[in-house]
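Participant: Let me begin by handing over the structure; questions about it come next.
Since every read-out is calculated from the coordinates, none of them should be taken as a lab result. This one's a predicted model, so the numbers in the text were calculated from it and none came from an experiment. Counting neighbours? That spans all protein chains shown, and the Cβs are built from the backbone with ideal geometry, glycine included.
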Amino acid sequence: MVDPYKSWLDAGVAEAMGALALEDLAKPDWETHPPFKYFLRAMERLGGAATLLDAGCGVGHYSEVLARRYPRVRYTGFDFSPHMVDEARRLWPGREFFVADMVGHDYAGHDVVLASSLIEVMDDWARGSEALCQTLTGKLVLHRVRVHGGPTVRNDTTGYPGQPTYTHVHNERELLNFYEERGLSAVWREYWTEHPQATYIFEKA
């Protein structure tokens, strides 16, 4: 049985992700990198946002994306992996990162909550999303979500660097229904042209 949590808790994985983030951000055309490009497009529609909470922030690279293009937005990030948070603090000193679990966290008080590459690698993603739906007071940016028209499936794959993990490919209608039943409506979405992924903005209905 693949245990993705073991992968994300590995210090070597955090180090590899940090190196990859620096490599992507050092490119002259970094803004065309799909994860950054579609995140920035979502932020264009959230121009009045003053605070952003990055749930499952990994090595915190979206803090640098914000610093370059939306420096007035106050960024805070958390991850359940102490190694990820340590790497984020090493890469981006002076920025706010802390260790916490998505389950049971209080998301109130933030203009934007970013969940990037998160629900597809969580075994019980629905449980992890419950607290978010219950306590969200701002907008939710659900980013880098794998969706299609077929049934939701779990694919075993390889993560960083060579660690076994898995990803969920969600039935889009079921995914949207999940959030709608909990009072959140998708007010904007964009399907990626480079990969079968999507980025959504949700708000309280």
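Participant: If only one of ALA88, ALA19, ALA50, ALA67 is more than 14 Å from the chain's Cα centre (by Cα) and more than 24 Å from LYS139 (Cβ to Cβ), which one is it?
Facilitator: From the options ALA88, ALA19, ALA50, ALA67, the qualifying one is ALA19.
Residue-by-condition table, conditions (1) surrounded by 18 or more Cβ atoms within 10 Å (Cβ to Cβ); (2) of a type outside the set (Gly, Ala, Ser); (3) in contact (Cβ under 8 Å) with a residue 60 or more places away in the chain:
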position	(1), (2), (3)
TYR107	yes, yes, no
VAL112	yes, yes, yes
ASP124	no, yes, no
ARG127	no, yes, no
LEU140	yes, yes, yes
GLY149	no, no, no
ARG173	no, yes, no
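Participant: Taking into account only those residues within region 22-77 that are touching a residue at least 40 places away in the same chain (Cβ under 8 Å) and among the β-branched types (Val, Ile, Thr), which is nearest to VAL112 (Cα to Cα)?
Facilitator: Once the filter is applied, the top-ranked residue is THR51.
Participant: Could I ask something else about it? Search region 21-38 for residues being within 22 Å of PHE80 (Cα to Cα) and touching a Leu at 6+ places or on another chain (Cβ under 9 Å), and hand back the single one that is surrounded by the most Cβ atoms within 10 Å (Cβ to Cβ).
Facilitator: Looking at residues that are within 22 Å of PHE80 (Cα to Cα) and touching a Leu at 6+ places or on another chain (Cβ under 9 Å), I get ALA21.
Participant: Out of region 45-72, which residues are touching a helix residue (DSSP H, G or I) at 6+ places or on another chain (Cβ under 8 Å) and closer than 21 Å to VAL187 by Cα?
Facilitator: Correct list: ALA49, LEU52, ASP54, ALA55.
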